[in-house]
Amino acid sequence: MLLHLAQQHPDSNIVGLEISNRCLVRAEERIVKRSLHNVRVIHAPAETALNHLFAPDSLSEVHINFPDPWFKSRHEHRRLMQRSTVDVIINRLKPGARLYLATDIIEYAEMSAELLAETPQLDNVLDTPWTSAVPGRTPTKYEQKARREGRDCYFFIYQRNDQPGPAIPVIKEMVMPHVVLESPLSFEAIQDAFEPIEHNEPDLHINVQYVYQGKRALLFETHVKEPTIDQRVALNLLTRDTPGELTLQLSMLGHPRPTAGVHAAANLIADWLLSLHPDTRIIKRKTRSTED
Ligand SMILES: C[S@@+](CC[C@H](N)C(=O)[O-])C[C@H]1O[C@@H](n2cnc3c(N)ncnc32)[C@H](O)[C@@H]1O
């Protein structure tokens with residue numbers, strides 16, 4: 001469908017969002033084979049891309065095709081169709097722009113119908129909450145499979161009206177966290193003292209899980225989960241030219257984004273280092289909470 005959209009709308013820019021690398025590679029091969037220049041695919045959860053990459057009032061259409069259902073209630077937060085995603089979609093859609101949703105799971109259709117009906121910024125284009133066929137629609141690969149296997153499909157078409165929705169600005173890029181410390185402790189002593197550090201706030205989960213030692217660095221493997229982005233990052237503690245001085249900074253491994261949560265993780269590690277020895281002190285701390 002992505003490629004059809006690109007072919008049907010040569011003057012529009014089409015962006016596909018996927019978390020499966022296999023699907024991305026396949027899509028990219030087809031894009032190149034068909035010499036399409038107005039379509040790109042991004043390896044990112046849709047929620048993250050919508051919050052971080054697209055401006056308010058910038059999208060003419062959003063197509064959600066057969067999202068994973070995440071049936072179990074403990075996995076509910078992973079469901080794409082939830083209030084926070086619908087809110088960012090309505091913020092990113094231009095007035096008059098459309099949201100298309102397709103699913104082959106009746107429970108998902110019912111849940112989505114309820115959610116969309118509770119969204120005054122979207123008008124249902126259909127006379128019913130959903131329809132079982134959309135004339136002229138190009139079926140997706142999964143849709144063809146669902147039909148072959150005898151499953152019904154449920155299609156939704158909603159249109160953005162001009163009622164104001166929640167203001168959801170694009171998440172701003174931040175500077176890299178950077179902490180300079182003075183410590184009498186060796187890397188061995190720091191590594192020996194290490195226990196996983198967990199920090200939970202309603203909208204932030206940080207878990208400093210492991211520490212690894214190299215010649216000139218200790219690497220803290222850290223999970224940082226924020227509402228719009230979930231990252232596994234490495235924070236490096238590096239020796240400096242001045243003996244006893246150390247720098248804590250974000251490793252560029254995997255190109256992490258220096259979000260507020262990553263800054264909070266750097267602060268957490270810096271504070272833990274401070275707690276290890278009374279002669280440890282912070283020389284410079286360039287992290288979000290101290291800058292703001
Ligand atoms: C049932 S398949 C449907 C595939 C395709 N859209 C189609 O209709 O043929 C669900 C797809 O959604 C992708 N996916 C799951 N969660 C996602 C998310 N948060 N953001 C982007 N893609 C996601 C999965 O990798 C998978 O390829």
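The values are calculated or read from the model by the stated rules, or taken from the named source; none is laboratory data. Source: prediction; values computed, not measured. Every residue, glycine among them, receives a Cβ derived from its backbone with ideal geometry; neighbour counts consider all protein chains shown. To get the accessible areas, we keep the full protein, side chains included, count just its heavy atoms, and leave off ligands, DNA and RNA. Shrake-Rupley method; radii C 1.70, N 1.55, O 1.52, S 1.80 Å.
Looking at region 143-162 only, could you name the residues that are of a type in the set (A, V, I, L, M, F, W, C) and either assigned to a helix (DSSP H, G or I) or open to solvent by 30 Å² or more (accessible area, probe 1.4 Å) (or both)? Answer for region 143-162, where residues must be of a type in the set (A, V, I, L, M, F, W, C) and either assigned to a helix (DSSP H, G or I) or open to solvent by 30 Å² or more (accessible area, probe 1.4 Å) (or both): just A146.
Do you know which of the residues in region 55-95 that are of a type in the set (D, E, K, R) and away from the ligand (no atom under 14 Å from the Cβ) is most open to solvent (accessible area, probe 1.4 Å)?
Our first condition is that a residue be of a type in the set (D, E, K, R); within region 55-95, this holds for 57, 61, 68, 72, 74, 76, 78-79, 83, 87, 92, 94.
Those still in the list that are away from the ligand (no atom under 14 Å from the Cβ) too: 57, 61, 72, 74, 83, 87, 92, 94.
Numbers: D57: 93, E61: 78, K72: 114, R74: 163, R83: 87, D87: 33, R92: 0, K94: 82 Å².
Across region 55-95, the extreme among qualifying residues is R74.
The residue pairs whose first member lies in region 136-147 and is under 9 Å from D104 (Cα atoms), whose second member is more than 11 Å from the ligand (Cβ to nearest atom), and whose beta carbons are closer than 9 Å, counting only pairs six or more residues apart or on different chains, are E143/R137; A146/D152.
The residues listed here are I42, I90, I14, I31; of these, the one that is under 20 Å from E118 (Cβ atoms) and either touching a residue at least 24 places away in the same chain (Cβ under 8 Å) or not assigned by TED's automatic domain parsing to the domain that holds C153 (or both) is I90.
Residue-by-condition table, conditions (1) assigned by TED's automatic domain parsing to the domain that holds I106; (2) among the aromatic types (F, W, Y); (3) in contact with a helix residue (DSSP H, G or I) (Cβ under 9 Å, 6 or more places away or on another chain); (4) touching a residue at least 12 places away in the same chain (Cβ under 8 Å):
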| position | (1), (2), (3), (4) |
| --- | --- |
| R151 | yes, no, yes, yes |
| I168 | no, no, yes, yes |
| P184 | no, no, no, yes |
| F194 | no, yes, yes, yes |
| Y210 | no, yes, no, yes |
| I229 | no, no, yes, yes |
| R232 | no, no, no, yes |
| L235 | no, no, yes, yes |
| P243 | no, no, no, no |
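What strands (runs of 3 or more DSSP E), lying completely within region 1-114, carry at least 1 residues that are among the aromatic types (F, W, Y)? Please lay out each step first, then the result.
Values: elements: 14-18, 39-43, 59-65, 93-103.
Per the criteria, 93-103.
Just to be sure, is P56 in contact with a Lys or Arg (Cβ under 8 Å, 6 or more places away or on another chain) and modelled with pLDDT under 95? So P56 fails the test.
Condition check ((1) hydrophobic (A, V, I, L, M, F, W, C); (2) within 26 Å of G150 (Cα to Cα)) across all residues:
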position: F66; (1), (2): yes, yes
position: R78; (1), (2): no, no
position: R92; (1), (2): no, no
position: E107; (1), (2): no, yes
